[in-house]
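Contents: one structure, followed by commentary.
The values are calculated or read from the model by the stated rules, or taken from the named source; none is laboratory data. This one's a predicted model, so the numbers in the text were calculated from it and none came from an experiment. Cβ: placed from backbone, ideal geometry, glycine included. Neighbour counts: every protein chain shown. With ligands, DNA and RNA removed, areas are computed over all heavy atoms of the protein, side chains included. Shrake-Rupley method; radii C 1.70, N 1.55, O 1.52, S 1.80 Å.
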Amino acid sequence: MTGDIENAEIRALTHLIGHDAAGLFGRASLGACLAPRSPNLLAVIGDSTAEQVHLDSQRRNRAAYNHVFLGSAMAGARLILSGNFGKSGDRTDQTAARLPAALSSGAGALYISEGMNNFSQAPYTHAVSGAVVTLAQAGAQAFADTLAKIDAALALGLKVIVALCAGASNFSAAMIGQMWIYNQALRRAAELRPHLWLLNMPAILHDPASTPASIAFRAGYLHTGDAVLAHESVTGAYHAAKAFAEILREVMRPLPRSRASRANQRSADNRLQLALNPLFNATSGAASVLGAGGSLASGTTAVPYEWTVARNSGDTTTSFQLGVEANAEGGNDLVIAYSVSTAGGGLRVYQDLAGSSSFWQAGDVLQGFSTVTIMAGSAGLACARPYIEINGVTAGVGATMIASGVMSDTAHGVFPTVETFVLEDATEPIAVPAYDTKGYLSFKALGLICAAPGAGVVRLRMPHLDVRSTLI
């Protein structure tokens, strides 16, 4: 047997047999042995529930009304997206066309969220086999399609996370029965495949009042602006994200991406972290600005140097009080008590990197980070995220690009108020274009938007704006 393997061409081998570092005898896929990949690199594939991890077709703005990036922020910003291969309306057989791109994206983990369109569109013609799939066959066929993706990823050494299908409010009894056939087969698959994790979306989203004939969702957990309830609101995404974060902590390693220090900020010798005074404790620097509606808490004498705190553009009613308090882990927290009376109101904490154009250069990939603690009782919040604005002129046309952390609007609900939680949030990476004329670079360490009137307290710490290394 040894001679046979020694004489075989590598491209003909699919698995290796032997002892691992612990002395255990076993069989591992060739891909896993030859090309291990970072599990922190995640590819997303599926239907609209996958596509909607982003808000825009350019994939620059992360959604707070989807659990993927919200869960990453709860787990310490350890997720790096290698590609979003979701497409609204697709069935499990149609998403298969994008699987090769997902697997070749460099991902070490694959997230699959699909299935509901199989049940709502049956009978349908299978996109791969050409067979007509009836509703009575839809659960088994959907599982076969998803399992093929799972096994293809596992054969390459990837770890796999699959969301159990939660269905939609218009599902018939027959559709619900097929959905459970699909979900129950996935539960069995997870028992048999050690590198497969399941996110139990029905347990999170379904109200106990659901019956075999109709699905009821927990109040406020789904976006009510759609004719058919099928997609998360900010509230539902929050609860799903807590469960997703637990999975990410098992699948992915911690990454040291959410901390900054006074030693790591823009200087003549360092252009790899562009924010000044990231710890809010500098005693000199560019003058700070306290915008209209703002006041200082007792014991706080000024906004920290280099930073501006102001109401959102067009907002004339929001008020806020700003405090600076020491943090036991180093530096200071910016403590903001907000009061918003109109949906869409909120505030920004930011710095415009004036005179810094030599530090951000064409081809640089920028990413912003900040840690935000949302205190229990904070009402009306749709999002509290970092974002980057970059502007310049090319061929006589000026344009501004935005890359955001987990973001929402006034239509998709609010965070719950029952508990304090921390978001170690990150923006999508954004590449600096080769501008003819550079405009500006603005780093918003905090962009707070309320979807409803409310008041509360958020704490901001250690915001930083990184330039990705080009050495590897």
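Does E232 count as more than 17 Å from T92 (Cβ to Cβ) and either free of Cβ contacts under 8 Å to residues at least 40 places away in the same chain or among the small types (G, A, S) (or both)?
No.
Is the stretch 161-180 home to any residue that is touching a strand residue (DSSP E or B) at 6+ places or on another chain (Cβ under 6 Å) and open to solvent by 50 Å² or more (accessible area, probe 1.4 Å)?
Taking every residue of the stretch 161-180 in turn, none turns out to be touching a strand residue (DSSP E or B) at 6+ places or on another chain (Cβ under 6 Å) and open to solvent by 50 Å² or more (accessible area, probe 1.4 Å).
Could you check the stretch 32-146 for strands (runs of 3 or more DSSP E) lying wholly inside it with 2 or more residues that are open to solvent by 20 Å² or more (accessible area, probe 1.4 Å)?
Those strands (runs of 3 or more DSSP E) span 80-86.
Among G139, G83, G167, which is under 23 Å from G236 (Cβ atoms), at pLDDT 95 or above and not aliphatic (A, V, I, L, M)?
One residue alone meets the criteria, G167.
Quick one: count up the residues across the stretch 287-301 that are part of a loop (DSSP other than H, G, I, E, B) and open to solvent by less than 50 Å² (accessible area, probe 1.4 Å).
5
Could you check I336 against (1) open to solvent by 10 Å² or more (accessible area, probe 1.4 Å); (2) out of contact with any Asp or Glu (no Cβ under 7 Å at 6 or more places or on another chain); (3) β-branched (V, I, T) and say which number it fails?
(1)
Give all pairs with beta carbons closer than 7 Å in which a residue from the stretch 42-58 that is of a type outside the set (S, T, N, Q) meets a residue that is in a helix (DSSP H, G or I) and open to solvent by 10 Å² or more (accessible area, probe 1.4 Å); count only pairs at least 6 apart in sequence or on separate chains.
Taking only residues 6 or more apart or on different chains, the pairs are I45/R98; I45/L99; D47/M116; D47/N117.
Spot the failing condition for N327; the list is (1) buried (at least 18 other Cβ atoms within 10 Å of the Cβ); (2) on the phi < 0 side of the Ramachandran plot; (3) touching an Asp or Glu at 6+ places or on another chain (Cβ under 8 Å), and only one is missed.
Condition (1) is where N327 drops out.
Determine, yes or no, whether R259 is open to solvent by 40 Å² or more (accessible area, probe 1.4 Å), in contact with a strand residue (DSSP E or B) (Cβ under 8 Å, 6 or more places away or on another chain), under 25 Å from A148 (Cα atoms) and basic (K, R).
no
Among the residues of the stretch 201-216 satisfying the criterion of being of a type outside the set (G, A, S) and more than 14 Å from T49 (Cβ to Cβ), which is nearest to the chain's Cα centre (by Cα)?
Per the criteria, the residue is H206.
So, P304, is that one farther than 25 Å from A64 by Cβ and crowded, with 22+ Cβ neighbours inside 10 Å or not?
Yes, satisfied.
Any idea which of A185, A245, A240 is modelled with pLDDT of 95 or more, in contact with a strand residue (DSSP E or B) (Cβ under 7 Å, 6 or more places away or on another chain), at negative phi and surrounded by 15 or more Cβ atoms within 10 Å (Cβ to Cβ)?
Of A185, A245, A240, the one residue that is modelled with pLDDT of 95 or more, in contact with a strand residue (DSSP E or B) (Cβ under 7 Å, 6 or more places away or on another chain), at negative phi and surrounded by 15 or more Cβ atoms within 10 Å (Cβ to Cβ) is A240.
Within the stretch 305-335, work out how many residues are in a loop (DSSP other than H, G, I, E, B), of a type in the set (A, V, I, L, M, F, W, C) and in contact (Cβ under 8 Å) with a residue 60 or more places away in the chain.
Matching residues across the stretch 305-335 total 1.
Quick one: what pairs do we get from the stretch 111-130, first residue of a type in the set (V, I, T), second exposed (fewer than 15 other Cβ atoms within 10 Å of the Cβ) and assigned to a loop (DSSP other than H, G, I, E, B), C-beta under 8 Å, 6+ apart or different chains?
Note: pairs meeting the criteria are T125/A131.
If we scan the stretch 169-185, do we find a residue that is free of Cβ contacts under 8 Å to residues at least 12 places away in the same chain and either within 28 Å of L55 (Cα to Cα) or in contact with a Leu (Cβ under 7 Å, 6 or more places away or on another chain) (or both)?
Looking for residues that are free of Cβ contacts under 8 Å to residues at least 12 places away in the same chain and either within 28 Å of L55 (Cα to Cα) or in contact with a Leu (Cβ under 7 Å, 6 or more places away or on another chain) (or both), one finds none in the stretch 169-185, hence no.
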